[in-house]
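Beneath this line is the structure, given in structure tokens, with notes to follow.
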Amino acid sequence: MSNGPKLMLEFRGTQSSRYSRGFKISYSFVENFGINTGRQLKEFPCAFVYNSSEAHNGTFASPNSPGPYPRDTECTYFFHGGETEKVHLHFTNFDVEGVLPCQAVSASDYVEFSNYMTEDNRFGRYCGQMKEFHVESERNFFKVTFRSNDRLDGTGFKAIYQFLEATDEYRAPPVQDKASHSLCIFDHFLMLLILAIPQLYHQLYH
């Protein structure tokens, strides 16, 4: 994905070969940077709004996710909760090129958080490859900023957002593995079969 309205693709052939078949690609022009959730703010180059009045939970991701994000790009995600709510973010995938503390001197891309429209020193910058982690706001507004430079890139991030009451503790949804899910279906089927046998016997022999 390009970081603007132009993208150049150059093909060079150094020698011909009957086994080389060239390539075929598909293209599309998009305005949402490949971000398909939230409400896009057209007055910003890349900005999206998530309101608890519209959805209490959902997902958001870096540009072009799950593919590599575009270089030299900044995207902002605004979360607006109700008066008594806070915002909880659960990052399930995170691959943002850079090294801690993710400063310009190390040419790092980064993700940063703020309880305000301006910068917030409470949160440091996040970059590199990280396992799942959680971030939570202190108020009913939260801002997430993704920034990439013009050098290297990664596959970005994917996260789950949830608006909670300020006094509530976050609880991860229960995870049911495939084995237990299959066993549950089998038990349900067995119970239906047991209940149906007397009725079937009555129909056959009476």
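The values are calculated or read from the model by the stated rules, or taken from the named source; none is laboratory data. Remember, predicted model here, so these are calculated numbers, not experimental data. For neighbour counting, all protein chains shown are included, and Cβ atoms are generated from backbone atoms with ideal geometry for every residue, glycine included.
Restricting attention to region 155-174, and to residues there that are out of contact with any His (no Cβ under 8 Å at 6 or more places or on another chain) and closer than 19 Å to residue 59 by Cα, which single residue is modelled with the lowest pLDDT?
174
The residues of region 105-136 that are touching a residue at least 40 places away in the same chain (Cβ under 8 Å) and not in a loop (DSSP other than H, G, I, E, B), listed by number, are 111, 133, 134, 135, 136.
Looking only at region 43-63, which residues are part of a loop (DSSP other than H, G, I, E, B) and at pLDDT 95 or above? Once the filter is applied, which keeps residues that are part of a loop (DSSP other than H, G, I, E, B) and at pLDDT 95 or above, region 43-63 yields 46, 52, 53, 54, 55, 56, 62, 63. Residue 34 meets the conditions (1) in contact with a Phe, Trp or Tyr (Cβ under 7 Å, 6 or more places away or on another chain); (2) under 28 Å from residue 107 (Cβ atoms); (3) in a loop (DSSP other than H, G, I, E, B) in every case but one. The failed one is (1).
Only residues that are farther than 25 Å from residue 68 by Cα and at pLDDT 95 or above: list them for region 117-137, please. Scanning region 117-137 gives 136, 137. Scanning region 1-22 for residues that are closer than 18 Å to residue 75 by Cα and surrounded by 10 or more Cβ atoms within 10 Å (Cβ to Cβ) yields 1, 2, 3. Those residues that are surrounded by fewer than 16 Cβ atoms within 10 Å (Cβ to Cβ), over 18 Å from the mean Cα position of the chain (by Cα) and either assigned to a loop (DSSP other than H, G, I, E, B) or of a type in the set (Asp, Glu) (or both), I need them from region 71-104; list them, please. Correct list: 72, 82, 83, 84, 99, 100, 101, 103. Please enumerate the residues belonging to region 111-125 that are more than 15 Å from the chain's Cα centre (by Cα) and of a type outside the set (D, E, K, R). Once the filter is applied, which keeps residues that are more than 15 Å from the chain's Cα centre (by Cα) and of a type outside the set (D, E, K, R), region 111-125 yields 113, 114, 115, 116, 117, 118, 121, 123, 124.
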